[in-house]
Amino acid sequence: MADSKDLSRPLETFEDLLPYFDAGPKPKSDWKIGTEHEKFGFYKGTHAPVPYAGDTGVRALLDGMKTLSGWDGIYEGDDIIGLKQGMASITLEPGGQFELSGAPLEHLHQTCSEVGAHLADVRTVTDELGIGFLGLGFNPLHSLEEIPLMPKGRYKIMRDYMLKVGRLGRQMMFRSCTVQTNLDFGSEADMVKKFRASLALQPIATALFANSPFAEGRTNGFLSYRAHVWSDTDPDRTGMLPFVFEPGMSFARYAEWALDVPMYFAKRNGEYLNLAGRSFRDFMAGRLPELPGEKPTMKDWEDHLTTCFPEVRLKTFLEMRGADAGPWSRLCALPALFVGLLYDDAATEAALELVKDWTAEDRESLRRTVPFLGLKAPIRGRSAQDIAKDVLAIARQGLRARAKLNASGDDETGFLSELDEIAASGMTPAQRLLERYHGEWGGNIHKVYETCAY
């Protein structure tokens, strides 16, 4: 069996794939919280998107961050495409969306401090460049053709392949932003419980964080257009994964699914080889015409798993992917929601009890109606708002049970306060923005760059 730490050893059997996942379980004392968030860059004077090159472009921003904070540069050829410092990184999404992938942290007070310090550093550099950043789930103003492509080899491959598999994949790549959280599990059985609870409730998070009602300078008819875009991106690698709720769910069952997700690429000698649509099974059999006789390594498998985009993704941790980006307060609220649900056993069991009668059809229906209806979306005779209130009560109990206190003696429950207000009112963030658009903004979409800038 292949060693998960030996990234260069060829993978020859299905069993060789599983040590990657076997390396995931950790004792509860070692569970951490990882938070990722994306944001749109824009020029303050015109609100135009920021290109990569130029004295005030994305490259200059990355170089400035590198100088300011002592991060190490990540390069493809001569192009700086990201930064790394310890376990944290700053990376670029296809259209220049600027992403912080935070370090694994022990509690939410650290998470919010990390996000705040990052945004402060970004402002220090961007103020000199005339750049601002916007916290929304979808670009409110610019067309696909107006968005620049960042110089990362995998994105060119993805961009071309997206046209073959869905109508909206390129919209996802270039015009959407999200906030995500990555959480640990204690065993394979614990992974299954957490996967089921978080996947079933991902549409509830989508509703609470819905924050993308604009596109190309006008309303788009959705509360979370970002979530709608994901419903027509690529059915082979996205969605609610009904098999997760079936008997026998395991690391191996997820690996079976991922194995049949069409490939995008393999990286060889620092270059991305276009394998879009090819079969990883054929790769393991040495049957890829682009790499005749060659078999994949564990690094190829790791890379392939990053091209799977379900609403919750399994790596050596679980990644919750259902929320629109938003203001600083909600960047801290997303990990708070799922830490409360998943890092306390009683809370996880209560969450599973809440969704135990939902069918695959129920879950998919909720996923597809929430982008339109938000907290009014129906689910088995109740509304998403009803479920959200129950979920937040469970999460609050879970956070209380953790009893992680800051220097002032406050626990982590305060990070849920904004979500409590959203659930109580039934008004998503998108609906609040629409009220202002139709009211005080007088239909001027540029006002969103003042309201939602970091």
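All of the numbers you see were taken from the coordinates with simple rules; none came from a lab. Predicted model only: the values in this text are computed from it and were never measured. Note: ideal-geometry Cβ built from the backbone for every residue, glycine included; neighbour counts use all protein chains shown.
I'm a student and want to see the number: the projected area of the Cα convex hull of region 51-186, averaged over all directions, in nm².
Averaged projected area of region 51-186's Cα convex hull equals 10.0 nm².
Could you give each residue of region 90-103 its phi-based ³J(HN,Hα) in whole Hz, using Karplus coefficients 6.51, -1.76, 1.60 with θ = phi - 60°, and x for Gly or Pro?
10, 9, 10, 7, x, x, x, 4, 9, 10, 9, 9, x, 5
In debye to the nearest 20, how big a dipole does region 8-67 give about its Cα centre with +1 on each Lys and Arg Cβ and -1 on each Asp and Glu Cβ?
Dipole of region 8-67, to the nearest 20 debye: 420 debye.
If the cut-off is a Cα-Cα distance under 16 Å, which lysines reach LYS447, setting aside same-chain residues fewer than 8 apart in sequence?
Straight-line reach from LYS447, under 16 Å: LYS44.
Lone cysteines in the chain, going by a 4.7 Å Cβ-Cβ cut-off?
Singleton cysteines: CYS177, CYS308, CYS452.
Could you give the nm distance between label points at ALA48 and LYS315, where each point is 7 Å from its Cα heading toward the beta carbon?
Using points 7 Å along Cα→Cβ, the separation is 3.5 nm.
Search the structure for amide H atoms under 5 Å from the amide H of CYS177, placed 1.01 Å from N in the peptide plane, and list their residues when 5 or more places away or on another chain.
Under 5 Å from the amide H of CYS177: PHE138, ALA325.
Given the Cα atoms of region 21-130, and with Rh set as the inverse mean 1/r over their pairs in the Kirkwood sense, what is Rg to Rh to two decimals?
1.02
Between ALA377 and residues 5 or more places away or on another chain, which pairs have amide H atoms under 5 Å apart, with H built 1.01 Å from N, and which residues are they?
For ALA377, whose amide H was placed from the backbone, the distant partners under 5 Å are ALA384, GLN385.
Search the structure for amide H atoms under 5 Å from the amide H of THR297, placed 1.01 Å from N in the peptide plane, and list their residues when 5 or more places away or on another chain.
For THR297, whose amide H was placed from the backbone, the distant partners under 5 Å are LEU11.
Using 0.36 nm times the number of residues separating ASP357 and ARG123, minus their current alpha carbon distance, what extension gain do you get?
The span from ASP357 to ARG123 would gain 79.5 nm if fully extended.
Could you compute the net charge surrounding PRO104? Neighbours are other residues with a C-beta less than 9 Å from the C-beta of PRO104; K and R count +1, D and E count -1.
Counting the neighbours of PRO104, the net charge comes to -1.
Report the extension gain between LEU163 and GLU145 in nm, rounded to one decimal, defined as 0.36 nm multiplied by the number of residues separating them, less their alpha carbon distance.
Length gained between LEU163 and GLU145: 5.0 nm.
Work out from phi, with θ = phi - 60° and the Karplus expression 6.51 cos²θ - 1.76 cosθ + 1.60, the ³J(HN,Hα) of each residue of region 263-276, listed in order in whole Hz, and give x for Gly and Pro.
Listing the rounded values in order: 6, 9, 7, 9, 9, 9, 6, x, 10, 8, 8, 6, 10, 4 Hz.
Among ALA350, ALA336, PRO371, whose Cα sits farthest toward the positive end of the charge dipole of region 331-379 (+1 at Cβ of Lys/Arg, -1 at Cβ of Asp/Glu, about the Cα centre)?
It is PRO371.
What FRET efficiency comes out for the pair ALA407/ALA346, r = Cβ-Cβ distance, R0 = 35 Å, nearest 0.05?
The value I calculate is 0.80.
Please sort through the DSSP H helices of the chain and keep those with an alpha-carbon extent of at least 30 Å along the long axis and a Kyte-Doolittle average not below -1.0.
Helices passing the filter in the chain: 108-129.
If we count every other residue with Cβ under 12 angstrom of VAL370's Cβ, Lys/Arg +1 and Asp/Glu -1, where does the sum land?
That works out to +2.
Of LYS164/LYS376; LYS39/LYS156; LYS39/LYS84; LYS152/LYS376; LYS26/LYS356, which ones are farther than 28 Å apart at the Cα?
LYS164/LYS376; LYS152/LYS376
If r is the Cβ-Cβ distance from LYS28 to GLU435 and R0 is 41 Å, what FRET efficiency results, to the nearest 0.05?
The calculated FRET efficiency here is 0.40.
Taking +1 at the Cβ of each Lys and Arg and -1 at the Cβ of each Asp and Glu, which of HIS446, TYR161, ALA393 sits farthest along the dipole of the chain towards its positive end, judged by Cα position relative to the Cα centre?
HIS446
For ALA323, what is the net charge nearby, where nearby means another residue's Cβ is under 12 Å from its Cβ and Lys, Arg count +1, Asp, Glu -1?
Overall, the nearby charge balance is -2.
Placing +1 at every Lys and Arg Cβ and -1 at every Asp and Glu Cβ, with all other atoms neutral, what dipole size does the chain have around its Cα centre, in debye to the nearest 20?
Computed charge dipole of the chain: roughly 720 debye.
For GLU246 and ARG268, what is the calculated FRET efficiency with R₀ set at 35 Å and r taken between the beta-carbons, to the nearest 0.05?
Once the sixth-power term is evaluated, E becomes 0.40.
Quote the relative contact order of region 1-70 in percent (integer), defining contacts as alpha-carbon pairs under 8 Å separated by 6+ residues.
Relative contact order comes out at 14 percent.
What is the extension gain from SER279 to THR451, computed as 0.36 nm multiplied by their sequence separation minus the C-alpha to C-alpha distance, in nm to one decimal?
57.4 nm
For the chain, what is the convex hull volume of its Cα atoms per residue in Å³?
141 Å³
Starting from the Cα of LYS295, draw a straight line to each of the aspartates and glutamates and keep only those under 19 Å, dropping any in the same chain fewer than 8 residues away.
Reachable aspartates and glutamates: ASP3, ASP6, GLU12, GLU15, ASP16, GLU256, ASP260, GLU271, ASP282, ASP303.
On the Cα set of region 176-286, report Rg and Dmax in Å, please.
When restricted to the Cα atoms of region 176-286, Rg and Dmax are 17.5, 50 Å.
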